[in-house]
Amino acid sequence: MTDSVVANREPEFRFQAMRFFQVIETGINYLGHLDDFNQILDNLGRRHGKLKQSFGFQPYFWSVFLECSVYQIRLALERSKALRWSSAEVDKAVILWRHLMQGICKRIEAGFLADASKRLQVQVDNDVISPGPEKSADHESRVPLALPVPDVSALLMID
C-alpha cells in the first residue's frame, strides 16, 4: 500500500482499534456472567459476515488477530514500568488474556458462521433450478435444498 492509502485508512483503523478495546473492556466487565455477553458477540459475528461479502473477510483472520494481540499484550506487560512482574507472573497474565480473547473470537466466529449459513440458505432458496429435458420451459420447479447447519457448539466452548 502506498503512504497515501495508509493515511486515508488511518481514521478507519483507529475507529476499529477503539471498537476492539470496547469489546475487550466489555468482556472484562462481563467476566462474572459471560452468557449475557454472547448476544453482543453474536451480533459482531453477523457484522463480520457482511464484511466477508464486501471486503473478503476470512475466518482465519481471527487467529492472526488473536496471536498479534497476545504478542502485544505480552510486550506491554514486560515493558511496563508500573508493573514489576516476574516472567512467571507475565506468563500467567498472558494466559488469562489469551483465554478471554480466544473466547471472544470463538463466539464472534460462531455468529459469523451462523450468518454465513443463513446467507447461503437464502441464496439457495432464491435460486431456481432450471427444468430438465423432460420438463417444459414453463414448468420450472423450485427444489428446496436443506443445508446442514454447522455445529458451532465446539466453537462456543472456551478451552
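Per-structure values
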{"item": "Selection from segment 64-82 of residues that are touching a helix residue (DSSP H, G or I) at 6+ places or on another chain (Cβ under 8 Å), at pLDDT 90 or above and under 13 Å from Cys105 (Cα atoms)", "result": "Leu66, Ser69, Val70"}
{"item": "Top-ranked residue of segment 32-78 - restricted to ones that are small (Gly, Ala, Ser) and part of a helix (DSSP H, G or I), ranked as surrounded by the most Cβ atoms within 10 Å (Cβ to Cβ)", "result": "Gly45"}
{"item": "Qualifying residues in segment 1-12 (those that are surrounded by fewer than 11 Cβ atoms within 10 Å (Cβ to Cβ) and in a helix (DSSP H, G or I)) - the one modelled with the highest pLDDT", "result": "Pro11"}
{"item": "Residue pairs meeting the criteria (Cβ under 6 Å; at least 6 apart or on separate chains; first farther than 15 Å from Arg98 by Cα, in segment 19-44; second in a helix (DSSP H, G or I) and of a type in the set (A, V, I, L, M, F, W, C))", "result": "Tyr30/Phe37; Leu41/Ile108; Leu44/Ile108"}
{"item": "Long-range neighbours under 7 Å by Cβ, at least six apart or interchain, first residue closer than 10 Å to Ala116 by Cβ and of a type in the set (D, E, K, R) within segment 45-65, second at pLDDT 85 or above and surrounded by 14 or more Cβ atoms within 10 Å (Cβ to Cβ)", "result": "Arg46/Gly111; Arg46/Asp115"}
{"item": "Condition check for Gln16: outside any loop (DSSP other than H, G, I, E, B), modelled with pLDDT of 90 or more and not hydroxyl-bearing (Ser, Thr, Tyr)", "result": "no"}
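The values are calculated or read from the model by the stated rules, or taken from the named source; none is laboratory data. This is a predicted model, so every value here is computed, not measured. Here the Cβ is made from the backbone with ideal geometry for all residues, glycine too, and neighbour counts use every protein chain on show.
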